[in-house]
Amino acid sequence: MLIDSHAHLVSLENLDEVLKRAKDNKIEKIVSISSDIPSTEATISLAEKNDYIFATTGVHPHSADQTNDQVLKGLDHYAKHEKVVAIGETGLDYFYMNSDKEIQINSFTEHIRLGKKHNLPIIIHVREADEDMQKILKTEPAAETPGVIHCFTGNYETAVKYLDLGYYISFSGIVTFKRSEELREAAKNIPSDKILIETDSPYLAPVPHRGKPNEPSFVKHVAETVAEVRGVPFEELAEITKANTERLFKI
Ligand SMILES: [Zn+2]
């Protein structure tokens, strides 16, 4: 049994078929990630109808300029829903830089505040912003704000900085790409109790589906690659990532 710890289900086409294939491929639970208020509402309604789907609420760093008082009130409201298991995805993206750094940092800080208030973990997106991210997380001890660095793309040295702060590290289909040597090296060395796997569907489909729309059933390819580099059986990798995801999100 596997868990996809990060999928944007409401962005997927032919969702009924996608969810059927997830079942057929023994995907036991899916954490479905929101990027704004409308996707929060759609994701919660999906989670209400399917007991194995869990929701989050947050504003993606790409849309950080949307995080105004009214939106924050909305996130605060939805964070109380029984199927909402995390705040996010949030974070910093200095690659796309859709909003100024200051706006992104403010939005991220508000998400951390919500995580603390509602006792929910945060789902962190970070791209070309590790320095600022670590600076912020150092002032927010992970004991108070646990969370995961989702779709991790750095090397092991960078991973250690997040591990030292208490955060989980999640690997996506990028770990299956031919050129991702450094990333596989990181995946090999993450402690067993801190590693998660995800698809980030509909983006970043793993090999051998690269270039196609991604879906939760493909998380098995991420699991296969990570199991291989760690030198453990597939079943064992599935078991530890499932246990870690359940512990982090209390699902
Ligand atoms: Zn995502």
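Computed from the coordinates by the stated procedures, all read-outs in this text should not be read as laboratory data. Computed from a predicted structure; not experimentally measured. Cβ: placed from backbone, ideal geometry, glycine included. Neighbour counts: every protein chain shown.
Grab the Cα-Cα distance for GLU17 and GLU102, subtract it from 0.36 nm times how many residues apart they are, and report the gain in nm with one decimal. Walk me through the numbers on the way to the answer.
Details: separation 85, 0.36 × 85 = 30.60 nm, distance 4.13 nm.
Extra length from GLU17 to GLU102 when fully extended: 26.5 nm.
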Reference-scaled alpha-carbon Rg (2.2 N^0.38 Å with N residues) for the range 114-160: 1.16
FRET efficiency, GLU41 to VAL160 (Cβ-Cβ, R0 35 Å, nearest 0.05): 0.40
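Can you divide the C-alpha Rg of the range 168-251 by 2.2 N^0.38 Å and report the result to two decimal places? Please list the in-between numbers first.
Values: Rg = 11.9 Å, N = 84, 2.2 N^0.38 = 11.8 Å.
Compared with the compact-globule rule of thumb, the range 168-251 sits at 1.01.
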Taking all pairs of distinct alpha-carbon atoms in the range 121-224, Kirkwood radius in angstrom: 14.0 Å
Sequence-distant aspartates and glutamates (8 or more away, or on other chains) whose Cα lies within less than 19 Å of LYS178: GLU198, ASP200, GLU224, GLU228
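Determine the alpha carbon to alpha carbon distance for each of LYS29/LYS138; LYS20/LYS220; LYS194/LYS220; LYS101/LYS138; LYS29/LYS101; LYS20/LYS250 and list only those over 27 Å. Don't skip to the end; give the middle numbers.
Numbers: LYS29/LYS138 31 Å; LYS20/LYS220 15 Å; LYS194/LYS220 18 Å; LYS101/LYS138 18 Å; LYS29/LYS101 34 Å; LYS20/LYS250 24 Å.
Long pairs (Cα-Cα over 27 Å): LYS29/LYS138; LYS29/LYS101.
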Within the range 181-220: Cβ-based charge dipole about Cα centre, in debye rounded to nearest 20 (Lys, Arg +1; Asp, Glu -1): 160 debye
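In debye, nearest 20: dipole of the range 2-249 around its Cα centre with unit charges on the Cβ of K, R (+) and D, E (-)?
On the way: 28 positive and 40 negative charges, 70 e Å.
The calculation lands at about 340 debye.
What do the square roots of 5 times the Cα gyration tensor eigenvalues come to for the chain, in whole Å, largest first, as semi-axes of the equivalent ellipsoid?
Values: eigenvalues 127, 93, 54 Å².
Square roots of five times the eigenvalues give 25, 22, 16 Å.
Antiparallel DSSP bridges in the chain: what percent, to the nearest 5?
Values: 0 of 24 bridges.
Among the beta bridges of the chain, antiparallel pairing accounts for roughly 0 percent.
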Contour minus Cα-Cα distance for ASP193 and ASP51 (0.36 nm per residue): 48.6 nm
Euclidean distance between Cα centres, the range 172-211 to the range 67-135, Å: 23 Å
Gain upon complete extension [HIS77, PHE177; 0.36 nm per residue less C-alpha separation]: 32.1 nm
